[in-house]
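Here's the structure we're looking at; comments come further down.
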Amino acid sequence: GGIPLINNICNTATTFTDVVLPICSYSPECRDNNKVIRTWKIYDWCNVLAEPLEYVQIIKAADTEPPHIEVASFTASVDPWGCQAAIYFPDPIHLDDDCSTYVNYDVTSDYPGIEILYNPTNGQYYAHNVPVGEYTFYYNAYDCCENVTSAGVIVTVKDNTPPVAITKQDIVVSLIPN
């Protein structure tokens, strides 16, 4: 026999079992975001007839911080045949998350009539028929737990296309800068 400890428990053995529940997603990239229901059992080896003591512990490991995203403003030019531009949004300069290997982004617009589209073939966001002007679009970064960070990017659409003279036959026209 042993010497009884607190409340006459003398020799103990402790075990636990875990039930792991994904908090954010079942995706493998999100496997570190879980709620664990841990059941502890404490056995008293000095009293073989005693039922083990059971305690339940809840452990929650969830990503509550949004991802990091960095973008840069840029300029686009109208096409040579009109006064509107096709804007192709570059990938973010920096995109990561502290708690997950999964992080994704999209681009959005608050301007009526300017729709942001996505090309799954090249993974690029774009907008067509954007008139001359200055616009703020938003890159939105998402992680496994749907934490979101938004970063605004200023896109300036200019008419950088030089004019082209079109005349009737046998007429000579020259254009000079300014």
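The values are calculated or read from the model by the stated rules, or taken from the named source; none is laboratory data. Keep in mind that this is a model prediction, so the values were computed, not measured. Quick reminder, even Gly has a Cβ in these numbers, built from the backbone with ideal geometry, and neighbours come from all protein chains shown. All accessible areas refer to the heavy atoms of the entire protein, side chains included, with ligands and DNA or RNA removed. Shrake-Rupley method; radii C 1.70, N 1.55, O 1.52, S 1.80 Å.
Looking across the stretch 146-178 at every residue that is under 23 Å from Tyr105 (Cα atoms) and not β-branched (Val, Ile, Thr), the one that is farthest from the chain's Cα centre (by Cα) is identified as Gly152.
This table checks each residue for (1) open to solvent by 50 Å² or more (accessible area, probe 1.4 Å); (2) in a strand (DSSP E or B); (3) among the basic types (Lys, Arg); (4) at pLDDT below 95.
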site	(1), (2), (3), (4)
Asp32	yes, no, no, yes
Ile59	yes, yes, no, yes
Ala85	no, yes, no, yes
Val107	no, yes, no, no
Tyr111	yes, no, no, yes
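Residues in the stretch 95-145 that are of a type outside the set (S, T, N, Q), over 17 Å from the mean Cα position of the chain (by Cα) and on the phi > 0 side of the Ramachandran plot: Gly113, Gly133.
Would you confirm whether any residue within the stretch 43-57 is assigned to a strand (DSSP E or B), surrounded by 12 or more Cβ atoms within 10 Å (Cβ to Cβ) and not hydroxyl-bearing (Ser, Thr, Tyr)? Taking every residue of the stretch 43-57 in turn, at least one turns out to be assigned to a strand (DSSP E or B), surrounded by 12 or more Cβ atoms within 10 Å (Cβ to Cβ) and not hydroxyl-bearing (Ser, Thr, Tyr). Hey, any hits in the stretch 9-26 for a residue that's open to solvent by 90 Å² or more (accessible area, probe 1.4 Å), assigned to a loop (DSSP other than H, G, I, E, B) and either in contact with a strand residue (DSSP E or B) (Cβ under 9 Å, 6 or more places away or on another chain) or under 30 Å from Asp159 (Cα atoms) (or both)? No, that holds for no residue. Tallying residues that are open to solvent by 30 Å² or more (accessible area, probe 1.4 Å), at pLDDT 95 or above and among the polar types (S, T, N, Q) within the stretch 125-148 yields 1. Kindly indicate whether Tyr105 is among the aromatic types (Phe, Trp, Tyr), without any contact (Cβ under 8 Å) to a residue 60 or more places away in the chain, in contact with a strand residue (DSSP E or B) (Cβ under 8 Å, 6 or more places away or on another chain) and closer than 30 Å to Lys35 by Cβ. When the stated conditions are applied, Tyr105 passes them.
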